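Chemist: This structure is in structure tokens; I'll ask about it shortly.
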Amino acid sequence: MIELKNIFKWVNQGANKTFLLRDINLTINEGELISIMGPSGSGKSTLLNVIGMLDGFDEGEYSFMGNSVKGLKEKQRSQLYKEHIGFVFQAYHLIDELTVFENIETPLLYQDMKSSERKALVADVLDRFNIVGKKDLFPTQLSGGQQQLVGIARALIGKPKLLLADEPTGNLNSKQGEEIMELFKKLNKEDGVTIIQVTHSEKNAEYGSRIINLLDGRIEK
Amino acid sequence: MFKNYFKTAFRTLLRNKTYGIINIAGLSIGIAACLLLFMVIRYELSYDKFQPNYSNIYNIVTKDTYSDGVDYTPGVPYPALNAFRQDLPELKTGAIYCNYGCQVTITKNSTDTKFLEEMGVFFADPEFFEIFKCKWLIGSEKLLNVPNTISLTKKTAEKYFGEWKTAIGKYIKMDNLLTLQVSGILEDVPANTDFPIRMVGSFKTLQDNPVYGYSTEWGHTTSNFQVYTLLPNNITKKNIENQLRLLAKKYYKNQNGEERINELRALSDMHFDVAIGNLGTHTISRTSLTTLSFIGFLIILMACINFINLSTAQAVGRSKEVGVRKVLGGRRMQLFWQMLGETKIIVLIAASFALIIAQFATPYIKHVISIQEELSIFTLESMLFFILIIITVTLLAGIYPSLILSGFKPVIALKNKINSTTIGGISLRRGLVVVQFAISQILIIGTIVSVSQMNFIKTADLGFNKEATLLLYGSTDSVVLSKQNAFKESLLQIPGVKLVSYNSDAPSSDNNWGSNFAFDHKPDEKFSVFLKAVDENYYNTFGLEFIAGETYTKADSAKKVVINETLLNKLNIKNAHEALGKPIRTGGQKWKTICGVVKDFKTNSLRDEIKPIILFPNKMHYNKTAVKLHSANILQTQKAIQQQWEKFFPENVYAGFFMDELIEDFYQQETQMALLYKLFAGLAIFISCLGLYGLISFMAVQKTKEVGIRKVLGASVSSIVYLFSKEFTLLIGIAFLIAAPLAWYFMNEWLQSFVFRVNIGIGVFIVAILTSMCVAFIAVGYKAIRAAIANPVKSLRTE
């Protein structure tokens, strides 16, 4: 599904290049649940952003579902991640001005879906995540765990093949974190969603089928 | 999708109440001001446009060229009318005589009802109404050939006789002189005309009654008698003016250095011709209209600048939303339209408030510029303009912030790495602030200068004493004249009355009674003098000072005259005493002796120069009575005077006005313009204050972290306030450097239209910059102190 070959990414600081990613080679198949680990500044989030096409890279080859990402235009790239990728963030990133229902609905708006279809899909997801009662609340009225639940629901509404989660449990207590991880596991098993998560927690990393350790932008073997 | 956008917009608005209120307040005031100005300007531009021949109608004016200048009058000599008709047969030419006001007496069941008409009394010939279209409800313009008849407008007829149809055949008495039969009824003329006809007497009546000054002499010109002509489409103005030049050679005795010709003045210029004037209530210069439109533009510009500044300020707060929406699949264009849509919502809200504000302000504006007509903002034109403003403002205010916001890179936005530097455009915002400060300083300077000029005029030394002086308007028919002595005696019996003087004219007035004249048995001088007929008490009553000689006595009547300093100077006489005893005559009449020279007083408004004047006694012209009162119990004295008037002159309506009120009326237009400038400049300044406050708030957000760090490091409140004010002081300084010369230039130009004017002192500029500083510091102070005393723990916490 994802194939990264000799990926380099750097920023210029004066005359020096500071490498964010060095020679990343990674193949991820459909249906995997992968955990990326590493200390702060090791390039975990950068790698995730590159995979999610939110960020570019300077050297190497990246093919996503058979498409070479490098040659794609901004529009085509966004079309690609719009269709196939869902994002979950540590800080949830819900839109404060919208209710739970509207937040979950938003991706569908950008896919020009009909109102009745949208309603049905959102209702379905709310049901599955057991948050029907919360649908008219605003994000600030929810606990962190609930907010992240909404965040995941929103990421999944477009039925993506790949879910990218950047420290999804980072702002949650351990019990809430556990629930989220159980949910990931379930999604991976039952719905076949490929999940890549960045985490600090050994325990949460264990949920993954594979753990990738990063240090200074390099994958540790 | 739009529902989602609207929701976001409304909720964002509710969340950021301060920004919302500043934006909506600024925009709604701005839009309302523009709408009102549009209404006023539109109205002024509409004068006489309803005339079907509007663009082909011309006024034949008289141009006199003297050795020392050019003088225009809108009138022509009476016999010129027939000359035009004979020599220019291809044109339709009509005449109108404006009598301004008159007294009308209606006798019903042998009781008299008197009406004082202050304006709208005209005489005209039938051709005039073939050029100017007017609907005749009864009769037609042919009636204007019938002697001793008058036609009334519907409203006037209703005022005099109740039902307009019953007015036909009834009689009205004008000025106790003429008895005229009502023979026609005209539809009321619209308010936006410079021919505010209320009644129009037949031309034949004017010709038959010498009281109105009709004369077959070529030498006599009055601005009251005006000739209008209708140019066919195939004849150009230039063509006719060439023919008029030939005509002048034939009829006027033009001598060397002095020349009289006729020129054409388009009807479409008459309402804006401040110099020559028109027969209506007022003129307004095109410059004033341009200035007003410009102020309107500045106001809306300021409101847009506010919006741009505040939106980019808010952008930091909204970056996360943009990031999320992009990650969820929103494209840049979609986000751009969303942001622009939000601008539109705010503009629409502001616009609805603007309509309400404008609706409530309309009566006030009407009062300020004294428009009587029903004015409404809800006309098709205003509404189109309104929609145009909404679209323009939305684009002007919305495009830049929307581009900025929709352009955020999602990764950066989501990591909260967006701050004011990544948004960019700091220099743009600074530039906008400078523009705003500069505009408000120009407006402050402009307002101060124009207001002080107005005050200067109002309080200027006119060279005579206008305090507690009552001017009674009367007439000069034989009945009145015969009673004048007795009336004067009875007035002097009233305890509050000091002095009484009969005269034709107050020292300062619009009146320009001019004549050719000769001095010291020489031929006629190359310039005209102006005349005032005044009795021997005039000088005491108005406190005029003699620099040589003294006034004539009652016995000297018709032999002696008094002249003013200006005439002396124009005659090149160095010592005033030399002039005493010298002979002088006007219009080829008998020679008279100069018995005194008065110190110059302002003969007209302060817009004009002081004119050479001859003051002479002549009972026949004494239509005004000046009464000097003791300053105590003025009201009581005035009442007593009125009683005497009604006792002596029962056939004349009492019309007494205080001199200072009359002088004030003189400058009504300036006062109105000053008020308009003050009002709208004030609004513009207010809007810029709002914007400034918003911008400082933006700075406070931007500097939150910096302030937090500084406080942790031990900075004091005052040093933080300084941190905030430093940059604004610089910006105000730059703005001042731009504003001061511009303002000086514009106001200096404007002042040139006054002969007597104030100097633009350095003080004005100091006031302008201090005002800007004060406004800035009040706004900065509040926000800065709040930022300074905030708990650094809060401002430094991330996530």
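The values are calculated or read from the model by the stated rules, or taken from the named source; none is laboratory data. Computed from a predicted structure; not experimentally measured. With ideal geometry, Cβ positions are generated from the backbone for all residues, glycine too; neighbour counts draw on all protein chains shown. Keep in mind that these areas ignore ligands, DNA and RNA; they rest on the heavy atoms of the full protein, side chains included. Shrake-Rupley method; radii C 1.70, N 1.55, O 1.52, S 1.80 Å.
Chemist: Would you work out if the stretch B:1-107 is rounded, prolate or oblate? Take a ≥ b ≥ c from the square roots of the eigenvalues of the alpha-carbon gyration tensor; rounded if a/c is under 1.5, else prolate when a/b is larger than b/c, oblate otherwise.
Modeler: Verdict is prolate for the stretch B:1-107.
Chemist: Cα centroids of the stretch B:763-786 and the stretch A:110-142: how far apart, whole angstrom?
Modeler: Using only Cα atoms, the two centres lie 51 Å from each other.
Chemist: Percent of Cα-Cα pairs per 5 Å bin, from 0 to the last occupied bin, for the stretch A:6-155, please list those.
Modeler: 2, 8, 15, 16, 16, 14, 13, 9, 5, 1, 1, 0
Chemist: Now a separate question. Kindly state, to the nearest 0.05, the FRET efficiency for residue B:50 paired with residue B:254, given R0 = 35 Å and r defined as their beta-carbon distance.
Modeler: Values: r = 39 Å, r/R0 = 1.11.
With a Förster radius of 35 Å, E is 0.35.
Chemist: Is the C-alpha gyration tensor of the stretch B:567-702 telling us rounded, prolate or oblate? Criteria: a/c under 1.5 is rounded; beyond that, a/b larger than b/c is prolate, otherwise oblate. Mind showing how you got there, number by number?
Modeler: Details: a/c = 3.87, a/b = 1.76, b/c = 2.19.
The shape class here is oblate.
Chemist: Compare each residue of the stretch B:316-358 in its chain alone against the assembly with all protein chains, and report those whose accessible area goes down by 40 Å² or more; 1.4 Å probe, heavy atoms.
Modeler: Buried on complex formation: B:320, B:324, B:325, B:327, B:328, B:329, B:331.
Chemist: Taking the alpha-carbon centroid of each part, what is the distance from the stretch B:655-698 to the stretch A:12-42 in angstrom?
Modeler: First find each Cα centre; the distance between them is then 67 Å.
Chemist: With everything on Cα atoms, drop me the angle between helix B:762-789 and the longest principal axis of chain B, reported from 0 to 90° to the nearest 10.
Modeler: 30
Chemist: Return the calculated 222 nm mean residue ellipticity for the protein assembly as shown, to the nearest 500 deg cm²/dmol, obtained by summing -39500 (n - 2.57) across DSSP H runs with n ≥ 4 and dividing by the residue count. Mind dumping the intermediate values first?
Modeler: Details: 32 runs with 477 residues, N = 1020.
My calculation for the protein assembly as shown gives -15500 deg cm²/dmol from helical runs alone.
Chemist: May I pose another question? Going out from 0 in 10 Å bins, what whole percent of all Cα-Cα distances in the stretch B:394-537 drops into each bin?
Modeler: With a bin width of 10 Å, the distribution comes to 8, 18, 16, 13, 9, 8, 9, 10, 7, 3, 0.
Chemist: On to the next question. Which value, to two decimals, describes the C-alpha radius of gyration of the stretch B:54-270 once divided by 2.2 N^0.38 Å? Kindly include the intermediate steps, with their values, before the conclusion.
Modeler: Values: Rg = 18.4 Å, N = 217, 2.2 N^0.38 = 17.0 Å.
After normalising by residue count via 2.2 N^0.38 Å, the value is 1.09.
Chemist: At 7 Å along Cα-to-Cβ for each site, give me the label-to-label distance between residue B:367 and residue B:745 in nm.
Modeler: Rounded to a tenth, the inter-label distance reads 3.9 nm.
Chemist: Can you give me the distance in nm between label points at residue A:58 and residue A:5, each placed 7 Å from the Cα along the Cα-to-Cβ direction?
Modeler: It is 2.1 nm.
Chemist: Give, as a single signed number, the net charge of other residues whose beta carbon lies under 14 Å from the beta carbon of residue B:721, with Lys and Arg counted +1 and Asp and Glu -1. Walk me through the numbers before you get to the answer.
Modeler: Details: positive: B:703, B:710, B:711, B:726, B:783, B:786; negative: B:706, B:727.
Here the charged neighbours net out to +4.
Chemist: Let me ask you something else. Out of all Cα-Cα pairs in chain B, roughly what percent, to the nearest whole number, are more than 35 Å apart? Walk me through the numbers before you get to the answer.
Modeler: On the way: 193201 of 318801 pairs.
Counting every Cα pair in chain B, those more than 35 Å apart make up 61 percent.
Chemist: Right, something else. Suppose R0 equals 25 Å. What FRET efficiency, 1/(1 + (r/R0)^6) with r the Cβ-Cβ distance, do residue B:770 and residue B:427 give to the nearest 0.05?
Modeler: Working: r = 27 Å, r/R0 = 1.07.
FRET efficiency, residue B:770 to residue B:427: 0.40.
Chemist: In addition: Taking both sides together, what accessible area is buried at the B/A interface, probe 1.4 Å, expressed in Å² and rounded to the nearest 100?
Modeler: Working: alone 36660 and 11320 Å², together 45490 Å².
Interface between B and A: roughly 2500 Å².
Chemist: Return the residues of the stretch A:94-115 for which accessible area with all protein chains present is lower than in the chain on its own by 10 Å² or more; set the probe to 1.4 Å and exclude ligands, DNA and RNA.
Modeler: Flagged in the stretch A:94-115: A:94, A:95, A:96, A:97, A:98, A:102, A:106, A:107, A:109, A:110, A:112.
Chemist: Could you compute the net charge surrounding residue B:522? Neighbours are other residues with a C-beta less than 14 Å from the C-beta of residue B:522; K and R count +1, D and E count -1. Can you show the working numbers first?
Modeler: Details: positive: B:526, B:570, B:582, B:585; negative: B:520, B:524, B:525.
Local charge sum for residue B:522: +1.
Chemist: Measure nothing but the geometry: give the 0 to 90° angle between the long axis through the Cα atoms of B:237-251 and the longest principal axis through the Cα atoms of chain B, rounded to 10°.
Modeler: 20
Chemist: Let me ask something else. Could you tell me how far the Cα centroid of the stretch B:264-329 sits from the Cα centroid of the stretch B:532-557, in Å?
Modeler: 55
Chemist: Taking a temperature of 10 °C and a viscosity of 1.306 mPa s, what whole-number D in µm²/s does Stokes-Einstein yield for the protein assembly as shown with Rh from Kirkwood over alpha carbon pairs? Don't skip to the answer; put the middle values down first.
Modeler: Numbers: Rh = 35.9 Å.
Reported coefficient: 44 µm²/s.
Chemist: Count the net charge of all other residues whose Cβ sits under 14 Å from the Cβ of residue B:754, scoring Lys and Arg as +1 and Asp and Glu as -1. List each step's numbers first, then the result.
Modeler: Details: positive: B:458, B:602, B:607, B:757; negative: B:608, B:609, B:670, B:749.
Computed value for this residue: 0.
Chemist: What is the percent carbon and sulfur in the accessible area of the stretch B:54-270, measuring with a 1.4 Å probe over the protein chains and ignoring ligands? It would help to have the intermediate numbers written out before the result.
Modeler: Working: 4530 of 9550 Å².
So the carbon and sulfur contribution to the accessible surface is 47 percent.
Chemist: Just how large is the dipole of chain A about the Cα centre, in debye to the nearest 20, putting +1 at every Lys and Arg Cβ and -1 at every Asp and Glu Cβ?
Modeler: For this selection, approximately 280 debye.
Chemist: What spacing in nm lies between the two simple spin-label points modelled at residue B:239 and residue A:143, each 7 Å away from Cα in the Cβ direction?
Modeler: About 9.5 nm separates the two model spin labels.
Chemist: Using a 1.4 Å probe on the protein heavy atoms, what percent of the accessible area of the stretch B:469-666 belongs to carbon and sulfur? Provide the component values of the computation, followed by the final result.
Modeler: On the way: 4340 of 8930 Å².
Roughly 49 percent of what the probe reaches on the stretch B:469-666 is carbon or sulfur.
Chemist: Antiparallel as a % of all DSSP beta bridges within the protein assembly as shown, to the nearest 5?
Modeler: Details: 93 of 128 bridges.
Restricted to the protein assembly as shown, the bridges split so that about 75 percent are antiparallel.
Chemist: Still on this model: Within the stretch B:45-62, which residues have the backbone N less than 13 Å from the label spot 7 Å out from residue B:187 along Cα→beta-carbon, could you tell me?
Modeler: Under cut-off, by backbone N: B:50-52.
Chemist: Any idea what angle helix B:2-15 forms with the longest principal axis of chain B, computed on alpha-carbon atoms, 0 to 90 degrees, nearest 10?
Modeler: The answer is roughly 80 degrees.
Chemist: Something else now. Using bins 10 angstrom wide from zero, how does P(r) for the stretch B:94-196 break down, in % of all Cα pairs?
Modeler: Final binned percentages: 14, 52, 30, 3.
Chemist: Ok, one more. Report, in debye and to the nearest 20, how large the dipole of the stretch B:179-330 comes out about its Cα centre when Lys and Arg carry +1 and Asp and Glu carry -1 on their Cβ. Write out the running numbers ahead of the final one.
Modeler: Working: 15 positive and 12 negative charges, 158 e Å.
About 760 debye.
Chemist: OK, next. So if the hydrodynamic radius of the stretch B:469-666 is defined as the Kirkwood radius over C-alpha pairs, what does Stokes-Einstein give as its diffusion coefficient at 4 °C and 1.567 mPa s, in µm² per second?
Modeler: Working: Rh = 17.5 Å.
In µm²/s, the coefficient is 74.
Chemist: Assuming R0 = 22 Å, what is the FRET efficiency of residue B:166 and residue B:114, from their Cβ-Cβ distance, to the nearest 0.05? Write down the numbers at each step before the final one.
Modeler: Working: r = 20 Å, r/R0 = 0.90.
The calculated FRET efficiency here is 0.65.
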